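Below is one structure; the comments refer to it alone.
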Amino acid sequence: MSEQTIRVYGADWCRDCRRTKQQLDVLPVDYEYIDVEHDDEAAAEAQRIAGRMNIPVVVFPDGAHQVEPSNAEVEAKLRELALI
């Protein structure tokens, strides 16, 4: 993992999580998918970052995060950071 790695907190049953993961799978970016369903510490961390229990929580290399972002919001942030 590099300092440019994106972290995505999500769960397999979450449609928005699957959509965000599919989007990142086709883009030339490094990301780490963290399954909160099977990791209580990760779930607590996602909730701490987001300030609520919604997923996915996408954490960018600059420390910014998005909660339940649209594909357009994720893409805009990746472009802002010059990652795509």
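The values are calculated or read from the model by the stated rules, or taken from the named source; none is laboratory data. Quick caveat: nothing in here was measured; it's all calculated off a predicted structure. Don't worry about glycine lacking a Cβ; one is built from the backbone with ideal geometry, like all the others, and counts go over all protein chains shown.
Give the residue that is surrounded by the most Cβ atoms within 10 Å (Cβ to Cβ), with candidates limited to residues of region 3-62 that are part of a loop (DSSP other than H, G, I, E, B) and of a type in the set (A, V, I, L, M, F, W, C).
My answer is I55.
Those residues that are over 17 Å from E3 (Cα atoms), in a helix (DSSP H, G or I) and touching a residue at least 12 places away in the same chain (Cβ under 8 Å), I need them from region 63-77; list them, please.
Residues of region 63-77 over 17 Å from E3 (Cα atoms): 66-76.
With the extra rule that they be in a helix (DSSP H, G or I), the set shrinks to 71-76.
Result: N71, V74, E75.
Consider I84 against the criteria (1) in contact with a Leu (Cβ under 6 Å, 6 or more places away or on another chain); (2) of a type in the set (A, V, I, L, M); (3) crowded, with 17+ Cβ neighbours inside 10 Å: it satisfies all of them except one. Which criterion is unmet?
For I84, the failing item is (3).
Take I49 and tell me if it is within 23 Å of I84 (Cβ to Cβ), touching a Cys at 6+ places or on another chain (Cβ under 9 Å) and without any contact (Cβ under 8 Å) to a residue 60 or more places away in the chain.
no
How about region 54-67: which of its residues are under 12 Å from A11 (Cα atoms) and either modelled with pLDDT under 95 or more than 9 Å from the chain's Cα centre (by Cα) (or both)? Reasoning before the result, please.
The first filter runs over region 54-67 and keeps only residues under 12 Å from A11 (Cα atoms), leaving 54-57.
Scanning region 54-67 gives a single hit, N54.
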